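A quick write-up on the structure given underneath.
A short reminder: the numbers here are calculations on the coordinates, not readings from a lab. Predicted model only: the values in this text are computed from it and were never measured. In this analysis, Cβ positions are derived from the backbone assuming ideal geometry, glycine residues included, and neighbour counts consider all displayed protein chains.
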Amino acid sequence: MKIFNRLAGTAIVAALAFAPVSASAQQFINVLTGGTSGVYYPLGVALAKVYGENIEGVKTQVQATKASVENINLIAQGRGEIGFALGDSVKAAVEGDTDAGFQAPVENLRAVAAIYPNFVQIVASRESGVTDLAGLKGKGLSVGAPASGTELNARAIFEAAGMSYDDLSKTEYLPFAESVELIKNRQLDATLQSAGLGVASIRDLASSLPINVVAVPAEIAETLGAPFQAAEIPAGTYDGQDEAVPTLAITNILVTSSDVDEELVYQMTKQLFEHIPDLVAAHNAATAIDPATAAKNLPAPLHPGAERYYKEAGLL
């Protein structure tokens, strides 16, 4: 929800009136991200910087969160202006999926853009011997923060594979960095992380001890259906990973609320696509952001401000 702070002094107001890119009276943009060791956070920091430098009259803040589900709920409560979320979490919010953490449909949720895909990355210590999903039986796995987008992915994958958390010797509900620390300390065998390729937490783990990237077969994607799709983690993504590994991918969505000012969302959308190199500099996952596909196949209604940008750019 937009927050207006009336500016005192006619000189300041006049100066803002002549700014070339202006959202309106001073407004606040809280960018909702994820854990600091994931991909959402560095991209959110870069996005907040872009907005602060290119949208006149706004103040920005970056908030580290438990990611998708928490971000959507914060957006719904008017406690953030833009946030990162996995496509399946957005779909669950629109539908009011109680198992996913939404007690009713989130009616004010709006999409800004489909951005880059998350890859489901299951990584185990090599000494655990785990190389595929079946190998996780009897092992300890961290599935992400409770009811996070990552944890929802984990539940879906286990169900599609005919497994459950009961098949594990230990189930931990931890953010990325904490999961990695337990594996380093030989207190856990594996971690499931839904993130952009080259996520810092897994790079850290791979540089500390030998790892196996666990295969998720294409049949799982076929069983789950949209928004999941078969994908692969390219060889060399992490130290010691010599071959490409099959897995699943799901698109990330930037979301906002219908209560956020149309002009502000227009500017947020415009500045996002005009400063993609700034986001790429923050994390390579941003290379997959494509304005030509950003407004397609969205699981939530498009915000009018974003729609205006896409129409102006000839993308709708």
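Looking at the square roots a ≥ b ≥ c of the eigenvalues of the Cα gyration tensor of the range 93-140, which shape do they give, rounded for a/c under 1.5, prolate if a/b is larger than b/c, or oblate?
It comes out oblate by the Cα gyration axes.
Is the chain rounded, prolate or oblate when judged by the Cα gyration tensor, a ≥ b ≥ c being the square roots of its eigenvalues, rounded requiring a/c under 1.5 and prolate requiring a/b larger than b/c?
Values: a/c = 2.13, a/b = 1.92, b/c = 1.11.
It comes out prolate by the Cα gyration axes.
Run the numbers on the chain and let me know its relative contact order in percent, using alpha-carbon pairs under 8 Å that are six or more apart.
Relative contact order here is 24 percent.
Tell me, in nm to one decimal, what length is gained between residue 284 and residue 223 on full extension, where the rule is 0.36 nm per residue of separation less the Cα-Cα distance?
19.0 nm
Pick out which of 80, 38, 236 has the largest mean-square fluctuation in a Gaussian network model of the chain, springs linking Cα atoms closer than 10 Å.
Among 80, 38, 236, the largest mean-square fluctuation in the Gaussian network model of the chain belongs to 236.
With the chain treated as a Gaussian network of Cα nodes joined by springs under 10 Å, which of 125, 148, 89 yields the largest mean-square fluctuation?
In this elastic network of the chain, the residue with the biggest mean-square fluctuation among 125, 148, 89 is 125.
Amide H to amide H under 5 Å from residue 194: which residues, 5+ apart in sequence or cross-chain, H placed 1.01 Å off N in plane?
Long-range HN contacts for residue 194: 121.
Would you mind checking 66/137; 137/296; 91/139; 66/296; 170/296 for any pair whose Cα atoms are more than 29 angstrom apart? Write out the running numbers ahead of the final one.
Details: 66/137 27 Å; 137/296 38 Å; 91/139 31 Å; 66/296 26 Å; 170/296 40 Å.
Violating the 29 Å Cα-Cα cut-off are 137/296; 91/139; 170/296.
Taking the simple approach of a point 7 Å from Cα along Cα-to-Cβ for both residue 243 and residue 186, what is their distance in nm?
Distance between label points: 2.8 nm.
For residue 96, what residues show an amide H to amide H distance below 5 Å, using hydrogens built from the backbone and excluding near sequence neighbours?
106
Express in whole angstrom the spacing between the alpha-carbon centres of the range 242-277 and the range 76-93.
The distance from the Cα centre of the range 242-277 to that of the range 76-93 comes to 11 Å.
Could you check which residue among 153, 108, 252 shows the biggest mean-square fluctuation in a GNM of the chain with a 10 Å Cα cutoff?
Per the Cα network of the chain with a 10 Å cutoff, 108 tops the list.
What share of the DSSP beta bridges in the range 118-250 is antiparallel, in percent to the nearest 5? Please report the intermediate quantities before stating the final value.
On the way: 17 of 23 bridges.
Here the antiparallel bridges make up roughly 75 percent for the range 118-250.
By what distance, in whole Å, do the Cα atoms of the range 144-189 stretch along each of the three principal axes, largest value first?
Sorted from largest, the Cα extents of the range 144-189 read 30, 21, 12 Å.
Each residue of the range 125-140 in turn: what ³J(HN,Hα) in whole Hz from Karplus with 6.51, -1.76, 1.60 and θ = phi - 60°, glycine and Pro shown as x?
5, 4, 5, 6, x, 7, 10, 9, 4, 4, x, 6, 4, x, 10, x
Considering only DSSP beta bridges where both residues belong to the chain, give the percentage that are antiparallel (nearest 5).
Working: 27 of 43 bridges.
Of those bridges, close to 65 percent are antiparallel.
What are the ³J(HN,Hα) values, in whole Hz, obtained from phi via the Karplus relation 6.51 cos²θ - 1.76 cosθ + 1.60 with θ = phi - 60°, for each residue of the range 221-226 in sequence order, with x given for Gly and Pro?
Residue by residue, the range 221-226 yields 4, 5, 5, 6, x, 4 Hz.
Using only the Cα atoms of the range 118-250, build the gyration tensor, take square roots of its eigenvalues as a ≥ b ≥ c, and label the shape rounded, prolate or oblate: rounded if a/c is under 1.5, else prolate if a/b is larger than b/c, else oblate.
Rounded.
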